[in-house]
Amino acid sequence: MRANSGWDIRLDGLAVGYGDHVVLRDVNALLPAGEISMIIGGSGCGKSTLLRHVLGLQRPMAGTLSVGGRDLFALAGRDFRKVRRRMGVLFQDGALLGSLTLGDNVALPLREHTGLPKATVRQIVLHKLALVGLADYADYYPNQLSGGMRKRAGLARAIVMDPPILLCDEPTSGLDPVNAARMDQLLLDMRANFPGMTIVVVSHDLRSLDAIANYVLMLHDGTAAFAGPVDALRASDDPYVRSFLDRRADEDQRTGVSLAPEVQQALDAWLER
Amino acid sequence: MSTGPGILAPVTALGAATLRLLGEMGAMFLFLADGLRLIFASPKQIPKILNQVFVIGSKSLFVILLIGVFTGMVLGLQGYYTLVKFGSEGLLGAAVALSLIRELGPVLTAIMVTGRAGSSMAAEIGVMRITDQIDALDVMDINPMAYLVAPRIAASLISFPLLTAVFDVVGILGGYVTGVTLLGINEGVYFYRIQSSVEMADITGGFMKSLLFAVIVATVSCYQGYFTHMRRDGVGPEGVSNSTTSAVVLSCVFVLVADYALTSFLL
Amino acid sequence: MKKYSRETSVGIFVLIGLLCVGYLTIKLGRMELLSDKGYTVHARFTSITGLRVGAEVEIAGVPVGRVAGITLAPDKPVAMVSLRMQEGVHLTDDVIASVKTSGLIGDKYIKLSPGGSPDQLGEGDEITETESAIDIESLISKYVFGGV
Ligand SMILES: Nc1ncnc2c1ncn2[C@@H]1O[C@H](COP(=O)(O)OP(=O)(O)OP(=O)(O)O)[C@@H](O)[C@H]1O
Ligand SMILES: [Mg+2]
């Protein structure tokens, strides 16, 4: 059933923003089913905002967004919820419910949407927590964990219903190299085990890009600077793509380290007191 | 015609503020209607409601006992020194019981619970909003209104009348302490006067008030937290703190206005 | 370490709350759970100013019933008061019912002064001898402006 279910995500001339403030415009991209697509771009360029639109949390200012071949924002009520139930999401900061333990957080979708017996729920929860290396932390509350652990728990919750679409906002940021590699491996395993699963990962992490991405959507300067397979990205000679991949600061965006002399003097005068 | 700065500017500002308030009240009303409907959405609501009864009711019980006793004691003192001038100190029981049952019980309970539970509803839901927890519920296809708001409204409807009843009874005992124990009114007269003056209508009126206040406090507090991100006077933690403040201030104002309206309707 | 579980403390809260609701409604509000035993008699008064439903009915200062209803008599513009008497209290047919005030500004109540007739009143009977409320205001004004 799940194989080739075609849960790809297509953005057509999408413009997104808040109020009158346009963050991204004219974004065209296809995030194909069965692949890991990575959305990359500088901090604050609108990656999380774009993700919120894919989730249907915000309406686009223009353009269409289709999920599994259906225009997400033309759907209403049950149909809309049906599509959205197919998405598992890891928010940037985990977004675990602070009043529940990790175990209860991960169990929440199962408890709300299924009639599974308690013992089965417990087994599923422990299994998913073990996948992200948190089997021993089922009884901890989110604020008793580090940021990286919360993120991993968020992923466990995202995959608890075996969704055909998995969206992750920066799954590896804040993780040590070992756990980051483990997270990447987990995403690769998900792709291998669930053929046809659409995995979308927002990241700045170049090592993850190398390790897992098949498709890339690069955002820059309020629009898509690149959208396509990762090999094409590497071959690109677009200056921003190059500076991003080579981890160089944009020449024209560099600011001198020193303050203006009179400002520095004023600051020094205070610091010496 | 432009309404630039001029003599009309304050009037325009007043008009804008009035329209905003009316719009806000309409939105709160719809919010309440949605919340009430979702109380009965599924049997899975029951444990959530009981949990909120714990937060709103059980945790407020102690403070209500305390405030109730002292309110009753003060009423006993004040009432005594007023009535004694007319030689009618025998009426103290009636004065204490009627003020508590008709007015002070429901109102002070609502205000205390606003301070204890209303503020924490607004803060908790507000924090959930700014840390994407409400969005997370939404994308898990768990209706945040059903998960967060409906149980709080239901639990308030259960807790407020019970807390009010506790407040009334404890307050009557507080009045007994000052009136009978300290000031030496006859014990039998105190209770006899209460029984002969309190009517069933007073008691049902008091409970109607407390139900209305439950709805007001829960709706206003949840609404302020739920729409923290829409505030124009602050974002992030500052927004949450402003939401909490508005929740308490608006709840108290609405409770007192509604109290006046309902009292004039009941009498 | 929690001393009580959540359920226990909710249980305690609800129990205490319901006890207080019960006290208020049953004891003070006089909600009658069981149908009360007793009988009702009627009495006509020309004026009952200040008398309220629920007021006490006394014989020699002992409470023996309550005012159950106040209406205008169907045939004449006089007040028709129903008195709900406790079981076991016997009224003779020449009993006198009067509206009295406890203290100068206190509540109104009904005082029954038994007579000596051998015939007893039963359910639905009417008391013929009544004394209406004394209008304290007019008494005071008579005293103040003379003419007592
Ligand atoms: N609630 C909001 N209201 C108005 N503007 C916002 C809001 N949230 C984000 N923005 C703006 O939208 C732009 C994109 O923000 P977004 O969070 O999508 O960035 P991002 O690419 O996810 O960055 P990061 O990599 O740091 O997470 C930013 O310029 C930000 O100022
Ligand atoms: Mg982001």
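Applying the condition of being assigned to a loop (DSSP other than H, G, I, E, B) and within 7 Å of ligand 1 (Cβ to nearest atom) to the stretch A:43-72 and asking which residue is most open to solvent (accessible area, probe 1.4 Å) yields A:S43. Here the stretch C:44-63 is the region considered, the condition is being among the aliphatic types (A, V, I, L, M) and away from every other protein chain (no Cβ under 14 Å), and the residue that is farthest from C:D94 (Cα to Cα) is C:I48. Restricting attention to the stretch C:77-133, the residues that are within 16 Å of the chain's Cα centre (by Cα), of a type in the set (G, A, S) and under 19 Å from B:Y192 (Cα atoms) total 2. Screening the stretch A:29-76 for residues that are within 13 Å of ligand 2 (Cβ to nearest atom) and among the hydroxyl-bearing types (S, T, Y) and picking the one that is nearest to the other protein chains (Cβ to nearest Cβ) gives A:S48. Hey, any hits in the stretch A:209-219 for a residue that's in a helix (DSSP H, G or I), without any contact (Cβ under 8 Å) to a residue 24 or more places away in the chain and either of a type in the set (D, E, K, R) or on the phi < 0 side of the Ramachandran plot (or both)? Yes - at least one qualifying residue is present in the stretch A:209-219. Just one of the numbered conditions (1) in a loop (DSSP other than H, G, I, E, B); (2) within 24 Å of the chain's Cα centre (by Cα) is not true of A:G256: (2).
When each of B:A27, B:A33, B:A13 is tested for being part of a helix (DSSP H, G or I), in contact (Cβ under 8 Å) with a residue 40 or more places away in the chain and surrounded by fewer than 18 Cβ atoms within 10 Å (Cβ to Cβ), the lone residue that passes is B:A27. May I ask you to verify whether B:M121 is away from chain C (no Cβ under 14 Å) and either surrounded by fewer than 24 Cβ atoms within 10 Å (Cβ to Cβ) or out of contact with any Leu (no Cβ under 7 Å at 6 or more places or on another chain) (or both)? Against the criterion (away from chain C (no Cβ under 14 Å) and either surrounded by fewer than 24 Cβ atoms within 10 Å (Cβ to Cβ) or out of contact with any Leu (no Cβ under 7 Å at 6 or more places or on another chain) (or both)), B:M121 qualifies. Is the stretch C:137-148 home to any residue that is under 23 Å from B:L91 (Cα atoms), modelled with pLDDT under 80 and exposed (fewer than 14 other Cβ atoms within 10 Å of the Cβ)? Within the stretch C:137-148 (the criterion being under 23 Å from B:L91 (Cα atoms), modelled with pLDDT under 80 and exposed (fewer than 14 other Cβ atoms within 10 Å of the Cβ)), the answer is yes, since at least one residue qualifies. In the stretch A:103-116 there is at least one residue matching the filter, namely being away from every other protein chain (no Cβ under 12 Å), of a type outside the set (D, E) and buried (at least 18 other Cβ atoms within 10 Å of the Cβ).
Does B:P151 satisfy the condition of being crowded, with 19+ Cβ neighbours inside 10 Å and closer than 26 Å to A:L100 by Cα? Yes, satisfied. The set of residues in the stretch A:135-180 being within 16 Å of ligand 1 (Cβ to nearest atom) and assigned to a strand (DSSP E or B) consists of A:L167, A:C168, A:D169. Quick one: is B:V63 touching a residue at least 40 places away in the same chain (Cβ under 8 Å), under 25 Å from B:R152 (Cα atoms) and surrounded by fewer than 18 Cβ atoms within 10 Å (Cβ to Cβ)? When the stated conditions are applied, B:V63 passes them.
The residues on offer are A:P195, A:P171, A:P142, and the sole one that is in contact (Cβ under 8 Å) with a residue 40 or more places away in the chain, open to solvent by less than 10 Å² (accessible area, probe 1.4 Å), away from every other protein chain (no Cβ under 14 Å) and closer than 23 Å to A:L110 by Cα is A:P171. You will find that of A:L96, A:L90, the residue that is within 16 Å of ligand 2 (Cβ to nearest atom) and surrounded by 22 or more Cβ atoms within 10 Å (Cβ to Cβ) is A:L90 and no other. So is A:D79 farther than 14 Å from A:L167 by Cα, free of Cβ contacts under 8 Å to residues at least 12 places away in the same chain, within 14 Å of chain B (Cβ to nearest Cβ) and more than 16 Å from ligand 2 (Cβ to nearest atom) or not? Yes: the conditions hold for A:D79. Cβ-Cβ distances below 7 Å connect the following pairs, each with a first residue in the stretch B:94-106 that is away from chain C (no Cβ under 13 Å), a second residue that is part of a helix (DSSP H, G or I) and open to solvent by 10 Å² or more (accessible area, probe 1.4 Å), and a separation of six or more residues or different chains: B:S99/B:L75; B:L104/B:T71. Remark: B:S156 falls outside the filter, which requires a residue to be part of a helix (DSSP H, G or I) and away from chain C (no Cβ under 14 Å).
Residue count for the stretch B:124-143, restricted to those that are outside any loop (DSSP other than H, G, I, E, B) and either open to solvent by 40 Å² or more (accessible area, probe 1.4 Å) or more than 14 Å from chain A (Cβ to nearest Cβ) (or both): 4.
When the residues of the stretch B:200-234 are filtered to those that are within 14 Å of chain C (Cβ to nearest Cβ) and open to solvent by 40 Å² or more (accessible area, probe 1.4 Å), the one that is farthest from C:T101 (Cα to Cα) is B:L211.
The values are calculated or read from the model by the stated rules, or taken from the named source; none is laboratory data. All figures in this text were calculated on a predicted structure; none of them were measured in a lab. Positions of Cβ are backbone-derived with ideal geometry, glycine not excepted, and every protein chain shown enters the neighbour counts. Heavy atoms of the whole protein, side chains included, go into the accessibility calculation; ligands, DNA and RNA do not. Shrake-Rupley method; radii C 1.70, N 1.55, O 1.52, S 1.80 Å.
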